[in-house]
Amino acid sequence: MVNITNVSIFDVGVKETEPKKEKTVKETGSKVVKPEQVAKPKEKKEEIKINNEWTVHFATEHFNATDFVEEISEEGITLEELRKGIERVFPKFSAARTKFDVDKENKRIFPDAFAGSKGAGAFTPSFFLSRETAIKSNSHIKYLLGKENSVFRVITSAIGTFITKIDDETLSDNERSNMPYYKESKLEKIEESFTLKLPKIPYDYLQKIVSFFMSFINKGENYEVACKIFWDTENGEYIIDVPKQTVTKVTVQFEYSGEFTGRNSLRYIPVLEIHSHNVMRAFFSKTDDLDEQEYCLYGVVGRLNREEIQFAFRVKCGDYHLHVGIDQVFELEHAHMHLPIDFPTEWLEKVTTKKGLY
């Protein structure tokens with residue numbers, strides 16, 4: 001928690017929408033279609049065939065197409081057949097939530113889903129008796145055995161190393177069959193931990209984000225808003241992204257663009273997703289538990305109307321999570337928060353407010 005004094009709440013203009021009334025509409029699912037609209041014939045999309053020369057890239061990792069579909073004929077398989085294979089390993093890639101960025105020239109596929117990744121049991125898991133060996137290994141699914149029959153999941157990526165204790169009863173038959181026999185006396189005492197591999201995020205980034213969040217309180221209704229922070233691997237610096245979003249007092253709905261996804265994910269690594277709880281306390285809700293699947297840091301900022309603003313941070317991947325301190329994420333040495341400070345005015349143009357709860 002960071003103590004903040006002499007905070008003046010400021011008011012700036014943002015777009016606001018009210019539910020529009022149409023005299024005659026026909027509802028189809030979540031969309032509203034006007035009767036006078038005439039459906040245009042769909043353009044026939046080019047059919048792409050994937051063979052064993054193609055690679056699949058997402059979340060800073062890459063695979064061969066044959067990792068997901070073992071037998072691929074010379075004729076190749078469709079994107080949908082590949083997607084089904086990916087979904088068996090990473091459940092987030094459902095038909096309704098997946099889109100593909102296709103690089104035909106280099107035979108690369110970039111699947112994007114509107115959540116994150118959680119491994120299943122399709123890859124052969126690896127078990128380790130040494131923390132150091134587990135961290136250095138390139139195995140996709142890594143388990144570390146510790147004292148007192150404890151089992152830990154080890155996740156390594158471009159942002160850092162995440163070690164969290166799991167219930168060994170959740171291991172699949174495939175995973176159990178690969179678990180080695182071992183002597184208790186040779187095992188290390190393991191503790192849950194997260195170690196950031198990248199530099200800590202500059203403190204002024206946090207001040208700008210909090211100032212941005214504060215601009216959406218005391219407007220008749222207090223709104224939640226969100227930002228993302230990416231690591232630019234080419235320039236070696238962090239970038240704050242404010243995606244287009246429609247917000248209420250309790251929800252944020254993103255509109256994803258391809259600026260940081262698809263083939264651009266080779267350059268931009270998602271590091272932190274942070275949203276506000278306006279005047280409410282900072283905590284992770286059940287909605288957050290469901291949405292936060294990608295291996296990433298997540299943050300919540302609350303009590304924006306008080307001198308002591310609240311922060312909560314955790315690293316999460318699927319069902320595994322670990323709370324971390326603000327000092328593990330941001331550079332706090334010699335830091336003192338002075339609010340509000342200036343932030344890019346174009347951030348405000350990305351936000352549309354909506355009255356009500358949803």
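Tabulated values for the structure
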read-out: J(HN,Hα) series, segment 163-180, from Karplus relation 6.51 cos²θ - 1.76 cosθ + 1.60, nearest Hz, glycine and proline x; value: 10, 9, 6, 10, 7, 5, 5, 7, 5, 6, 4, 4, 5, 5, 5, 9, 6, x
read-out: Lysine pairs within segment 145-304, Cα separation less than 14 Å, 8 or more sequence positions apart or different chains; value: 8
read-out: Nitroxide proxy distance, nm - points 7 Å out along Cα→Cβ at Lys107 and Glu47; value: 2.0 nm
read-out: Trp347 accessible area, 1.4 Å probe, all protein chains in place, Å² to nearest 10; value: 20 Å²
read-out: Where labels lie 7 Å past Cα in the beta-carbon direction, separation of Glu74 and Glu148 in nm; value: 6.1 nm
read-out: Protection proxy ranking, peptides 339-346, 124-131, average beta carbon neighbours within 10 Å, highest first; value: 124-131, 339-346
read-out: Accessible area in the full protein assembly, largest first, 1.4 Å probe, for Val301, Val279; value: Val279, Val301
read-out: Using θ = phi - 60° and Karplus 6.51 cos²θ - 1.76 cosθ + 1.60, couplings along segment 197-202 (whole Hz; Gly, Pro as x); value: 7, 7, x, 5, 6, x
read-out: Sites Glu234 and Glu307 - FRET efficiency at Förster radius 45 Å, r taken between beta-carbons, to 0.05; value: 0.65
read-out: Rounded to the nearest 10 Å², the accessible area of Cys296 at probe 1.4 Å; value: 10 Å²
read-out: Simple spin-label estimate for Leu332 and Asp173 in nanometres, 7 Å along Cα-Cβ; value: 4.8 nm
read-out: Asp327, Asp288, ranked by accessible area, largest first (probe 1.4 Å); value: Asp327, Asp288
read-out: In segment 140-189, the trypsin sites (Lys or Arg not before Pro) that fall in loop regions by DSSP, at most 11 other Cβ within 10 Å; value: Lys183, Lys189
read-out: Table column - 3J(HN,Hα) (Hz), segment 274-283, Karplus curve with 6.51, -1.76, 1.60, x for Gly and Pro; value: 9, 9, 9, 10, 6, 8, 7, 6, 8, 7
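The values are calculated or read from the model by the stated rules, or taken from the named source; none is laboratory data. Since the model is a prediction, treat every value here as computed from it, not as a measurement. For neighbour counting, all protein chains shown are included, and Cβ atoms are generated from backbone atoms with ideal geometry for every residue, glycine included. What goes into the accessible areas is simple: the full protein's heavy atoms, side chains included, and nothing from ligands, DNA or RNA. Shrake-Rupley method; radii C 1.70, N 1.55, O 1.52, S 1.80 Å.
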